[in-house]
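The values are calculated or read from the model by the stated rules, or taken from the named source; none is laboratory data. If you're wondering where the values come from, they're calculated on a predicted model, not measured in any experiment. Don't worry about glycine lacking a Cβ; one is built from the backbone with ideal geometry, like all the others, and counts go over all protein chains shown.
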Amino acid sequence: MHTVVEATHALVTLDVALPGIVWGWIITMNMWAKSIGTGVIFMLFYLLKKYPNEAGYLRFPVIVVSLVFIHIFLLFTVLDLHQMFRFWHIFFHPHFTSAITVGAWIVTGLVGVLFLMAYMVFLKKDTVAFDKLLPWAVIISIPVTLYTAAIMAEATARELWQMPTEAVQMILAATLTGSATLILMGGKLPYVAKRDLGIVLGLSAAMAFLLYMSEMVFGPMKAEEVMATLQAVKGAGQYTTMFWIGQLMAFIVPMVLVLLSISSKSESLLKLAAILAIAGLWIVKHVWLIIPQLLNLS
């Protein structure tokens, strides 16, 4: 069906409710992989500033991990497009009023910087040039991390996905998974460096958990739609079990394990916390993505 909106002369080609889940596990993979891809860059920057000699060997492995997960993020982004083989229109016919277009250009810039860094450290053996490029990678990674929150916030009929809460959650997801990934990769790091990563993981988990609980308690006061949405994770809601499994795995248990590892200097507990945080975040993101879509748009 199509009509012409007289006020704007815009041609409306589809103006009906979309039933069911539109954004599913593909978008969950998108957000999860992006968090790891940018998070490891943030954490590498921190380690090289505080432990330049001890963390130097992580330069190339971290760039490889970042490139792999950024490309997983891009793969699932393209797969979600309704006309996936027309993604090149974003670059040759761009509309910069779209968060997707702006994000695609920024991610392309990040990928270019990461490949240049890989070239510098692996082929040129030029760690000085690598370290000069790293701050630029960090700066570009920030909007890459945040722009998914902007896309979700554009869904004005989904009151649960609102700024600035989603933006903060995206940053915390990056620091959580970034620190967790480097804990698993940093076998040669001294314990003090691993402890620092554990503290970042624990604080990220604590703040993210606090935000989710704040939405649970105070969100219904904001809008009736939020109240209806959250019924899916309260009481006998259909996503209650999955929601709390995610909260336990991603936030609560890692917080406890980090505290225990610091008191006992146990690296095994830190690794367990890291694995649970990475796996649990996928569940958390998936539940938070799905539950607002259970309400009809009509």
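Brief remarks follow.
- Residue among F92, F76 that is more than 18 Å from V40 (Cα to Cα), at pLDDT 70 or above and loosely packed, with under 14 Cβ neighbours inside 10 Å: F92
- Among the residues examined, K234 qualifies as surrounded by fewer than 20 Cβ atoms within 10 Å (Cβ to Cβ) and under 26 Å from R158 (Cβ atoms).
- Taking the conditions (1) among the charged types (D, E, K, R); (2) at pLDDT 90 or above; (3) under 21 Å from T97 (Cβ atoms) in turn, K132 satisfies each one other than (3).
Matching residues to (1) touching a helix residue (DSSP H, G or I) at 6+ places or on another chain (Cβ under 8 Å); (2) of a type in the set (D, E, K, R); (3) in a helix (DSSP H, G or I):
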{"site": "A173", "(1), (2), (3)": "yes, no, yes"}
{"site": "T177", "(1), (2), (3)": "yes, no, yes"}
{"site": "A180", "(1), (2), (3)": "yes, no, yes"}
{"site": "K188", "(1), (2), (3)": "yes, yes, no"}
{"site": "L197", "(1), (2), (3)": "yes, no, yes"}
{"site": "V200", "(1), (2), (3)": "yes, no, yes"}
{"site": "S204", "(1), (2), (3)": "yes, no, yes"}
{"site": "L211", "(1), (2), (3)": "yes, no, yes"}
{"site": "E215", "(1), (2), (3)": "yes, yes, yes"}
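- Scanning the range 143-159 for residues that are more than 30 Å from E224 (Cβ to Cβ) and in contact with a Ser or Thr (Cβ under 8 Å, 6 or more places away or on another chain) yields a count of 2.
- Among the residues of the range 20-42, the ones that are modelled with pLDDT under 85, surrounded by 10 or more Cβ atoms within 10 Å (Cβ to Cβ) and either under 18 Å from A149 (Cβ atoms) or not aliphatic (A, V, I, L, M) (or both) come to 3 in all.
- Hits in the range 141-170 - residues which are in a helix (DSSP H, G or I) and either at pLDDT 95 or above or not hydrophobic (A, V, I, L, M, F, W, C) (or both): S141, P143, T145, Y147, T148, T165, E166, Q169
- Residue list for the range 43-67, restricted to those being crowded, with 19+ Cβ neighbours inside 10 Å and either touching a Cys at 6+ places or on another chain (Cβ under 7 Å) or charged (D, E, K, R) (or both): R59
- Conditions (1) crowded, with 19+ Cβ neighbours inside 10 Å; (2) within 27 Å of M216 (Cβ to Cβ); (3) of a type outside the set (S, T, N, Q); number of the one not met by V168: (1)
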